[in-house]
Amino acid sequence: MNLNKISKAYLDYFGKNAISDLKLIIEKNNINKSSIPNILIGGTQLTGKSTMGKKLANHFSKGKFYSVGGLFREAAALANISVAEQSKLLRIIQENKDQSSVEDALKRLGGKRLDIEMDYKTCQIISGINNLKDGKNEKENYNYLVIEGRQPATMGYFTESLGRKDLIKIYVTCSSRERAIRFIGREIGEQYAIEADKFLSTSSEKVNGPLSNLSKEISKLPIPNIDYIVKEFEKNQNRDEDDRQRYIDLYGMDYEDLGYYDFVIDTTGETAENNFNKAIKYLNDIEFKKELNK
């Protein structure tokens, strides 16, 4: 990751104090001994990271769950657009190929670079802004945070360069074939996901290749509203591509690079409970509970 590129993006958007403000939050927490561990879960959609994150936040004493994806969905709803369209508009702004298109995209997003704002907010939360008591805010009374989304772990990697400690970065992955099946289950019901599992190819190309490899096969599935399903599937597929490329262009960061993570969990073919148990075993192995009792 090009840490200088992330710093520049924040400085350009928020002003000269953007990075020093993050450092100050970290330093105050270190002095006050108010810093708490964070479990940062990264990965693309439909891998099971939200389910895992919520369960992890409830497993130990007094955890707090944040979903960065949830924040993006809320912003999209306020703008009366889909999250897929939101991602496309943000990529148009980042690529900056046509001024009129950029201006239109910004207008539809309320004049904001939501991606930079959400990423900086994520960095503030990871740095411990909610652990500090000031004249405006009461200190939040939690023992640890669990933050999930595409980029929390990589934003955590950045805050570590500013002095943040006690961050556990987990990447959740899943085969393209299973993500497609989960998408169908989410959109029209689990019974149709079971049907899709019977018909979709198990070839290596379909299992491990990009989601786009599965569009043609999905269009042939004997399930209702298949044209709608294919259309929505392709929108979601494009959203993944837009988000990943935008972060690479903006920060020089690929959140699918496993080098930023401490532990990887492949959820393919596993139940949510088994995946959760993998995470708990890892946290027990690194003696996470001791961090909570410091």
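Over the chain, Cα pairs under 8 Å with separation of 6+ residues give a relative contact order of 29 percent. Computed from point charges on the beta carbon alone (+1 for Lys and Arg, -1 for Asp and Glu), the dipole magnitude for the stretch 176-263 about its Cα centre is near 360 Debye. Other residues with beta-carbon under 10 Å from the beta-carbon of Leu46 carry, at +1 per Lys or Arg and -1 per Asp or Glu, a net charge of +2. Taking all protein chains together and rolling a 1.4 Å probe, Phe199 ends up with roughly 120 Å² accessible.
Annotation: Arg108 carries an accessible surface of approximately 100 Å², with a 1.4 Å probe and no ligand, DNA or RNA atoms counted.
Rounded to the nearest Hz, the phi-derived 3J(HN,Hα) couplings of the stretch 118-128 under the Karplus curve 6.51 cos²θ - 1.76 cosθ + 1.60 (θ = phi - 60°) are 5, 5, 5, 4, 4, 4, 4, 5, 4, 5, x, where x marks glycine and proline. Taking a ≥ b ≥ c as the square roots of the eigenvalues of the Cα gyration tensor, the chain is oblate, since a/c reaches 1.5 or more and a/b is not larger than b/c. Residue pairs exceeding 18 angstrom between C-alpha atoms, taken from Lys62/Lys289; Lys23/Lys289; Lys169/Lys289; Lys88/Lys235; Lys198/Lys220: Lys23/Lys289. Computed over Cα pairs, the Kirkwood radius of the stretch 204-288 leads via Stokes-Einstein (1.567 mPa s, 4 °C) to a diffusion coefficient of 81 µm² per second. Start at zero, step by 5 Å, and the Cα-Cα distances of the stretch 143-186 spread as 5, 17, 21, 18, 12, 11, 9, 6, 1 percent across the bins.
Eigen-decomposition of the gyration tensor built on the alpha-carbon atoms of the stretch 23-124 gives equivalent ellipsoid semi-axes of 32, 19, 11 angstrom, largest listed first. Percent of accessible area on the chain owned by carbon and sulfur, 1.4 Å probe? The computed percentage sits at 47.
Rolling a 1.4 Å probe across the protein heavy atoms gives the stretch 1-145 an accessible surface of 52 Å² per residue.
The values are calculated or read from the model by the stated rules, or taken from the named source; none is laboratory data. These numbers come from a predicted model, not from an experiment. Don't worry about glycine lacking a Cβ; one is built from the backbone with ideal geometry, like all the others, and counts go over all protein chains shown. Keep in mind that these areas ignore ligands, DNA and RNA; they rest on the heavy atoms of the full protein, side chains included. Shrake-Rupley method; radii C 1.70, N 1.55, O 1.52, S 1.80 Å.
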